[in-house]
Amino acid sequence: MTHAQPQLVMGERDVERTLARMAREVVELNRGVPGLALVGIQRRGVQLAERLAVEIERAEHQRPALGTLDITLYRDDLTAVGPRPVLGETRLPEGGIDERCVAIIDDVCYTGRTVRSALNELADFGRPARILLCVLVDRGGRELPIQPDVVGRTISAAGNQRVDVLVPELDGRLAVELSLREDPAR
């Protein structure tokens, strides 16, 4: 069986420009940097949160607090993941999340289940003043009533397609690609 080549949706410069715009939107929604914390969802949300923090610091001369969330144990399909799920790190921003504006950063918003898991985990750690959802790609297809506040790019992807955000730290380059799913049942 031949696999079709992934279709490039966003190249490196497109992603960089989009992240710069998204950083400005997050700061605008928070009315500045004070009290802002960016929390990236493992895996690629973490790298995107770091890039957004760099953009915010470049524009505002202040760096927002950073944290990471591993939602693995909060997933509603944990039994489907397997008997030994691989866990990443959850690291709260310095100073915690209480009374802060927490921007959850993720690579792709699809069904909304990842975000729901992230919200559940955050609730176990405190009570933010506000939570924003910031995603590089919104591909539609929600199963839950969750919508991002800040979106880099909205694309239409069929159920048999996969949207991959590539980051240099994990994939060797910065891009967004659209490809056919190898397992159409997912």
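The values are calculated or read from the model by the stated rules, or taken from the named source; none is laboratory data. The shown structure was predicted, so the numbers you read here are calculated from the model rather than taken from an experiment. Cβ atoms come from the backbone with ideal geometry, glycine included; neighbour counts cover every protein chain shown.
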Out of region 131-153, which residues are in a loop (DSSP other than H, G, I, E, B) and acidic (D, E)?
E143, D149
Return yes when A23 is over 15 Å from G152 (Cβ atoms), at pLDDT 95 or above and in a helix (DSSP H, G or I) and no when it is not.
no
What are the pairs, 6+ residues apart or on separate chains, where a residue within region 168-179 that is under 17 Å from V108 (Cβ atoms) and in contact (Cβ under 8 Å) with a residue 60 or more places away in the chain has its Cβ under 7 Å from a residue that is part of a strand (DSSP E or B) and of a type in the set (S, T, Y)?
none
Criterion first (without any contact (Cβ under 8 Å) to a residue 24 or more places away in the chain, surrounded by fewer than 21 Cβ atoms within 10 Å (Cβ to Cβ) and within 14 Å of E89 (Cβ to Cβ)) does E57 satisfy it?
no
Does region 32-54 hold any residues that are in contact with a helix residue (DSSP H, G or I) (Cβ under 9 Å, 6 or more places away or on another chain), buried (at least 16 other Cβ atoms within 10 Å of the Cβ) and more than 19 Å from L170 (Cβ to Cβ), and which are they?
V33, L36
Could you look through region 85-110, keep only residues that are outside any loop (DSSP other than H, G, I, E, B) and over 19 Å from T18 (Cα atoms), and pick out the one that is modelled with the lowest pLDDT?
R91
Just the residues that are of a type outside the set (A, V, I, L, M, F, W, C) and either touching a residue at least 24 places away in the same chain (Cβ under 8 Å) or not in a strand (DSSP E or B) (or both), please, taken from region 154-167.
S156, G159, N160, D164
Examine region 117-130 for a residue that is surrounded by 12 or more Cβ atoms within 10 Å (Cβ to Cβ), out of contact with any Gly (no Cβ under 9 Å at 6 or more places or on another chain) and farther than 20 Å from G40 by Cα, and state whether such a residue exists.
no
Here are some conditions: (1) out of contact with any Asp or Glu (no Cβ under 8 Å at 6 or more places or on another chain); (2) modelled with pLDDT under 95; (3) farther than 22 Å from G141 by Cβ; (4) surrounded by fewer than 17 Cβ atoms within 10 Å (Cβ to Cβ). D76 meets all but one. Which one does it not meet?
(3)
Would you tally the residues in region 34-73 being at pLDDT 95 or above, part of a helix (DSSP H, G or I) and of a type in the set (S, T, N, Q)?
1
Filter region 1-54 down to residues that are more than 23 Å from R139 (Cβ to Cβ), polar (S, T, N, Q) and touching a residue at least 40 places away in the same chain (Cβ under 8 Å), then give me how many there are.
1
